[in-house]
Amino acid sequence: SIIDGQQLAMLKKVNGNRYTVAAMQYIKKHNEKLDEDALRFLTRRQADIGSLELGRTGMTAQRMINYLRSQATKEKMSWWDIKRLYSDYLNMAHERGMDLTDEIVCHTPKLRELHDRYVEEKNAKKLQTESVRVNSEYKRIAASYEANKEHFAYEKAGLVIVVPKEAGDIIREGQLQHHCVGSTDNYIRRMDNGETYILFLRHKGSTDKPYYTLEVTYGGKILQSYGAYDRKPDIEKVQPVLDGFSSKIAKRTQKEQMAQMAAAVAVRE
């Protein structure tokens, strides 16, 4: 649908972009309203209104934005992190048979508390049986372990990257860290398909003890990095290590790609 004159004026006022236009089209289609502050927020964050779980919860866009911003402030989390937390919470609530449109569920003031409780309960139940299942179902994680271990090898400031040997290691990590990485197959499936990779950042002297869990691309870009309960302990010390890791793996990936191209040319010749 095309935005009207009033919306066009607002678009100019907030120095809008395609995310602003998408939000305006959404509220026009659903006969809703968004105040100027919410529109400015979506514009600055380049936030996609279609990713706000509006369909699953039945909440209006304005109310959802207000809720998530409030929760982000309360938990001292970024907008993107609180959105992930909320989506994970809804997924687990749905699996428990809860009505996501119920006010108590979709607008709970205890988002973090309930999320962490559901993660802990789910991980506790499934560790043993799920490890057996995922090891059987997602065999490429184990098959590519040595290659991934070499590709992601990194050590700095007493911290070292550990690559999971099999899918079950990711289940165990989720349980010990009390977060959502091992609570569904999503992260395991993505790693098995080579879409993203789950890695463990550990202290060199105790590599069997979880510290940080990472989700990264093959090229080393860090998509997520969390300690226990989705927190970020010692982040001022950890961040330089993560930055160094990303830089190192990006260069290593480029070198690998150049070697592969050279090999392909040699074969054709």
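Suppose the filter is open to solvent by less than 20 Å² (accessible area, probe 1.4 Å) and not β-branched (Val, Ile, Thr); does Leu159 pass it? Show your work before the answer.
Details: open to solvent by less than 20 Å² (accessible area, probe 1.4 Å): yes; not β-branched (Val, Ile, Thr): yes.
So Leu159 passes the test.
So Tyr212 passes all but one of these: (1) under 20 Å from the mean Cα position of the chain (by Cα); (2) over 17 Å from Phe152 (Cβ atoms); (3) in contact (Cβ under 8 Å) with a residue 12 or more places away in the chain. Which condition number does it fail?
For Tyr212, the failing item is (2).
Checking the conditions here, which among Val105, Val181, Val163 is modelled with pLDDT of 95 or more and in contact with a strand residue (DSSP E or B) (Cβ under 9 Å, 6 or more places away or on another chain)?
Details: Val105 fails: in contact with a strand residue (DSSP E or B) (Cβ under 9 Å, 6 or more places away or on another chain); Val181 fails: modelled with pLDDT of 95 or more.
It is Val163.
Could you pull out the residue among Ala262, Ala167 that is surrounded by fewer than 20 Cβ atoms within 10 Å (Cβ to Cβ), without any contact (Cβ under 8 Å) to a residue 60 or more places away in the chain and either under 16 Å from Asn135 (Cα atoms) or among the small types (Gly, Ala, Ser) (or both)?
Details: Ala167 fails: surrounded by fewer than 20 Cβ atoms within 10 Å (Cβ to Cβ).
Only one candidate qualifies: Ala262.
I'd like to verify a number: residues in the stretch 187-219 that are out of contact with any Asp or Glu (no Cβ under 7 Å at 6 or more places or on another chain), outside any strand (DSSP E or B) and not basic (Lys, Arg), how many?
Residues that pass the stated criteria total 14.
Within the stretch 114-148, restricting attention to residues that are over 13 Å from Ile170 (Cα atoms) and of a type in the set (A, V, I, L, M, F, W, C), which residue is surrounded by the most Cβ atoms within 10 Å (Cβ to Cβ)?
Only one residue fits best here, namely Val119.
Restrict the check to the stretch 229-245 and report whether at least one residue is at pLDDT below 95 and part of a helix (DSSP H, G or I).
yes
The values are calculated or read from the model by the stated rules, or taken from the named source; none is laboratory data. The structure displayed is predicted, hence computed values, not measured ones. Cβ atoms come from the backbone with ideal geometry, glycine included; neighbour counts cover every protein chain shown. Only protein heavy atoms, including side chains, enter the accessible area calculation; ligands, DNA and RNA are left aside. Shrake-Rupley method; radii C 1.70, N 1.55, O 1.52, S 1.80 Å.
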